[in-house]
Amino acid sequence: MPPSLPGRLASLARPPLLITLASLLALFYLVLFPGMIAASPALQQTGLLDMRISYTPAHAYQALEAYGPAGRAQYVRTTALLDFAFPVVYALLLGLVTARGLARAFPGTQRIHWLVLLPCAALIFDWLENGSILALLFSYPQQLKGLAAAAGGFTLLKWISFALSVLIAAGSLLAARLHR
């Protein structure tokens, strides 16, 4: 019988790949995103919608107005160039770390190993959020309040699933350490 998806992920979760993904994550956080945002004072001042926990349609359109044409254009570039690849990096890293920890902490328990897929929920919500924000940016000044509400909801769901993924990844590593 071929190994399950969690089992295959656990076998991939080797230090060189984890270090590479962690390095890419640091590159995104410390260099790429700050560099793109620094190109627009309005984005720096107002902050990106997807960095908030959530927002209402009114708050979304206040931010879009405050960005101005140059800020909105820079937000489109930032999202299109970086923010569709970034969730892949963090979801893969969190999934592999979780797989590695769970495989070591609970080697005979298969049901719990499916928790490695939770970072995929964060990735999907992040992509839905990004697509929604791009649609809001491209359609501005037309107000798509339903889509703005959905974008705020996707943002909230992204942060919830991301936070749970981080907690589960950390917990799996701790459990693996205690299991030794």
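The values are calculated or read from the model by the stated rules, or taken from the named source; none is laboratory data. Quick caveat: nothing in here was measured; it's all calculated off a predicted structure. Every residue, glycine among them, receives a Cβ derived from its backbone with ideal geometry; neighbour counts consider all protein chains shown.
Points worth noting:
- Residues in segment 102-116 that are surrounded by fewer than 17 Cβ atoms within 10 Å (Cβ to Cβ) and assigned to a helix (DSSP H, G or I): 111, 112, 114.
- Unmet requirement for residue 84, which otherwise passes all of (1) touching a residue at least 24 places away in the same chain (Cβ under 8 Å); (2) touching a Leu at 6+ places or on another chain (Cβ under 9 Å); (3) surrounded by fewer than 17 Cβ atoms within 10 Å (Cβ to Cβ): (2)
- Meets criteria (out of contact with any helix residue (DSSP H, G or I) (no Cβ under 8 Å at 6 or more places or on another chain), closer than 28 Å to residue 76 by Cβ and surrounded by 16 or more Cβ atoms within 10 Å (Cβ to Cβ)) for residue 124: yes
- Among the residues making up segment 54-100, those that are charged (D, E, K, R) and either at pLDDT below 95 or closer than 20 Å to residue 142 by Cβ (or both) are 65, 72, 100.
- Once segment 132-150 is narrowed to residues that are in a helix (DSSP H, G or I) and of a type outside the set (A, V, I, L, M, F, W, C), the residue that is surrounded by the most Cβ atoms within 10 Å (Cβ to Cβ) is 132.
- Some residue of segment 155-178 being of a type in the set (Ser, Thr, Tyr), more than 23 Å from residue 84 (Cα to Cα), assigned to a helix (DSSP H, G or I) and more than 14 Å from the chain's Cα centre (by Cα): yes
- Residues located in segment 117-131, provided they are in contact (Cβ under 8 Å) with a residue 12 or more places away in the chain and either of a type outside the set (A, V, I, L, M) or in a loop (DSSP other than H, G, I, E, B) (or both): 119, 120, 125, 126, 127, 129, 130
- Residues (under 15 Å from the mean Cα position of the chain (by Cα) and among the polar types (S, T, N, Q)) located in segment 126-147: 130, 132
- Filter result for residue 88 (under 18 Å from residue 158 (Cα atoms), β-branched (Val, Ile, Thr), out of contact with any helix residue (DSSP H, G or I) (no Cβ under 6 Å at 6 or more places or on another chain) and assigned to a helix (DSSP H, G or I)): yes
- Scanning segment 28-51 for residues that are of a type in the set (A, V, I, L, M, F, W, C) and surrounded by 13 or more Cβ atoms within 10 Å (Cβ to Cβ) returns 28, 32, 33, 36, 37, 39, 42, 43, 48, 49.
- Scan of segment 1-27 for residues that are outside any helix (DSSP H, G or I), in contact (Cβ under 8 Å) with a residue 24 or more places away in the chain and surrounded by fewer than 18 Cβ atoms within 10 Å (Cβ to Cβ), ordered by number: 4
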